[in-house]
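**Student:** Shown below is the structure under consideration.
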């Protein structure tokens with residue numbers, strides 16, 4: 001611990017109000033569902049993209065070019081603390097034209113909490129109404145805790 005092996009998980013939660021990501025950019029990230037989180041892994045020395053599934057967190061093959069394009073348009077992403085903060089993306093409502101996409105800087109443990117929630121509540125092929133209600137409650141809670149920022153660096 002003295003050598004910095006362990007790090008305290010961030011409690012910072014920010015809703016990125018003016019986050020810029022087109023549908024084409026999302027598709028270039030090769031995420032098969034409309035929800036994922038991205039974090040800089042100091043162990044792997046790269047940005048890791050994970051999406052929740054009934055089996056747990058699944059890693060997606062992230063195109064570095066696609067990620068770098070999104071970082072260029074959203075300078076706040078360059079401030080993510082490695083291993084302990086992630087960009088958490090919820091595009092489920094957006095994909096069904098029911099709501100806007102949501103983008104958060106979230107503590108990494110909250111991202112894994114979402115994974116566990118989905119794994120514990122998923123039923124059948126589509127997840128069932130219970131899991132979608134739990135996902136809604138999760139994002140409602142995160143939204144209520146998050147500071148709304150414009151997405152610019154040093155915001």
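**Student:** Debye sum, Cα scatterers, region 1-85, no solvent: what log₁₀ I/I(0) at q = 0.14, 0.15, 0.17 1/Å?
**Tutor:** -0.55, -0.63, -0.80
**Student:** With the Cα gyration tensor of region 14-149 in hand, give its eigenvalues times 5 under a square root as the equivalent ellipsoid semi-axes, listed largest first in whole angstrom.
**Tutor:** Values: eigenvalues 97, 54, 47 Å².
Gyration-tensor ellipsoid for region 14-149: 22, 17, 15 Å.
**Student:** For the chain, give the share of DSSP beta bridges that are antiparallel, in percent and rounded to the nearest 5; count only bridges with both residues there. Working shown, then result.
**Tutor:** Values: 23 of 26 bridges.
Here the antiparallel bridges make up roughly 90 percent for the chain.
**Student:** How many angstrom lie between the C-alpha centres of region 1-44 and region 129-152?
**Tutor:** When both Cα centres are located, 15 Å separates them.
**Student:** Now for a different question. Helix-derived [θ] at 222 nm for the chain: sum -39500 (n - 2.57) over DSSP H runs of at least 4, divide by residue count, nearest 500? List each step's numbers first, then the result.
**Tutor:** Working: 5 runs with 52 residues, N = 155.
Here the helix-only value at 222 nm equals -10000 deg cm²/dmol.
**Student:** Follow-up question, since we're still on this one. Rounded to a whole number, what is D in µm²/s for region 15-61 from Stokes-Einstein with the Kirkwood radius over alpha-carbon pairs (25 °C, 0.890 mPa s)?
**Tutor:** Working: Rh = 11.9 Å.
The calculation lands on 206 µm²/s.
**Student:** Further, regarding this structure: Please rank 103, 6, fewest neighbouring Cβ atoms within 10 Å first, as an exposure proxy. Spell out each step's value before the answer.
**Tutor:** Working: 103 24, 6 8.
The most exposed by this proxy come first: 6, 103.
**Student:** What relative contact order, as a whole-number percentage, does the chain give when Cα pairs under 8 Å and 6 or more residues apart are counted?
**Tutor:** 33
**Student:** Could you list 91, 7, 100 in order of exposure, starting from the residue whose Cβ has the fewest other Cβ atoms within 10 Å? Write down the numbers at each step before the final one.
**Tutor:** Numbers: 91 20, 7 13, 100 10.
Going from least to most buried by this count: 100, 7, 91.
Just so you know, all these numbers are worked out from the coordinates, no wet-lab data involved. Just so we're clear, the structure is a prediction, and the values are computed from it rather than from any experiment. Positions of Cβ are backbone-derived with ideal geometry, glycine not excepted, and every protein chain shown enters the neighbour counts.
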